[in-house]
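**Student:** My questions all concern the structure below.
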Amino acid sequence: MNTYTQMTSRNLSVKNDVYKKLREAKKGNESFSDVIERLLDGRHDLMAFAGILSGDKEFERVKSDIQQVRKRTVLRN
């Protein structure tokens, strides 16, 4: 038994910079619909952000400042 499901489609207009971002977001053989669905479904891979600030001088300065403040902070009961 063969089952054929026809997918309906819509045309969307996007700005050129948005198109470029979508094209860059494509993984493997993903379609633009797949990319949009992945980005909108709310389940983002947090590992994509792992180490993103590593080696950033401003981040390291802020991190050091926060650590210094924490050392001086007195906890109250």
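The values are calculated or read from the model by the stated rules, or taken from the named source; none is laboratory data. Please read these numbers as outputs of a predicted model, since none were measured by experiment. Note that each Cβ is placed from the backbone with ideal geometry, even for glycine, and that neighbours are counted across all protein chains shown.
**Student:** Please find, within the stretch 20-38, the residue that is nearest to the chain's Cα centre (by Cα) out of those that are farther than 17 Å from Arg10 by Cβ and of a type outside the set (D, E, K, R). If you could, list the steps in order and put the result at the bottom.
**Tutor:** So in the stretch 20-38, the residues farther than 17 Å from Arg10 by Cβ come out as 20-21, 23-30, 38.
Subset that is of a type outside the set (D, E, K, R): 25, 28-29.
Numbers: Ala25: 9, Gly28: 17, Asn29: 19 Å.
Looking at residues that are farther than 17 Å from Arg10 by Cβ and of a type outside the set (D, E, K, R), I get Ala25.
**Student:** Next question. Would you mind stating whether Ser13 is part of a helix (DSSP H, G or I) and at pLDDT 90 or above? Outline the logic, then answer.
**Tutor:** Numbers: part of a helix (DSSP H, G or I): no; at pLDDT 90 or above: yes.
The answer is no for Ser13.
**Student:** So which residues in the stretch 42-77 are among the hydroxyl-bearing types (Ser, Thr, Tyr) and farther than 30 Å from Lys27 by Cβ?
**Tutor:** Residues of the stretch 42-77 that are among the hydroxyl-bearing types (Ser, Thr, Tyr), as a first pass: 54, 64, 73.
Residues satisfying the conditions are Ser64, Thr73.
**Student:** A follow-up question, please. I need the full set of residues from the stretch 19-77 which are surrounded by 10 or more Cβ atoms within 10 Å (Cβ to Cβ) and of a type in the set (Asp, Glu), in order please.
**Tutor:** Glu30, Asp34, Glu37, Asp56, Glu60, Asp65
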